[in-house]
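Working notes, structure below.
Nothing in this text is a laboratory measurement; each read-out follows from the coordinates by a stated rule. A quick note: this is a predicted structure, and the numbers were derived from the prediction, not measured. In this analysis, Cβ positions are derived from the backbone assuming ideal geometry, glycine residues included, and neighbour counts consider all displayed protein chains.
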Amino acid sequence: MRPRSILLALAATMLAATVLAATAGAQTTTQTGIGGGGSPHVKSDWTIGGSAISIAYGRPSLKGRDEAKMMPVGAPWRTGADEATVITTSKDIMFGSHHLPAGTYTINTQPGDKDWQLIIGKLGTPKQWGVPYLPNLELFRIPMTLGKAAKPVEMVTYSIDPAPNGGTLRIEWGTVKVTAPFMVM
């Protein structure tokens, strides 16, 4: 092959890989600061089903602390550190039978022994603090599937696993993994 042909083939391969990564929901995470308690704050971005989806959250570390005390059963939790954890979507999405219009919302969870609840709420104010939990802002709850992380995760981690017509929100911390599927409308 001639050098120009090699360069064109390489460029086409790189473009195809970029397009595949974007359509597969490749995650990019950017650190946005450090909270008052020392937890890093990040914003993770995905493109899922043509929707730009981001989650901004504080990432507390276990630091040898007991998981059960950090994620108490039966109590709504901001599922992060410091400010409220927020999800922003550029297109409408559906969690189960619950329609979530494009916009920015809070994410809380309620740990349970056998399953968890994903709690989506209105963002009351920009930079809203994550505690106390504000039940008057709650929009809906859906069950999350409780599982075990493949390996222990030191810092709270949000991911989205692409799926046909949407994805699966995945949250991991310590040995805990919880998931909730959604569809992009």
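Residues that are buried (at least 17 other Cβ atoms within 10 Å of the Cβ) and among the β-branched types (Val, Ile, Thr) within the range 169-185 comprise Ile171, Val176, Val178, Thr179, Val184, listed in sequence order. Residues in the range 91-128 that are in contact with a His (Cβ under 9 Å, 6 or more places away or on another chain) and either under 15 Å from Met144 (Cβ atoms) or surrounded by 15 or more Cβ atoms within 10 Å (Cβ to Cβ) (or both): Ile93, Ile120.
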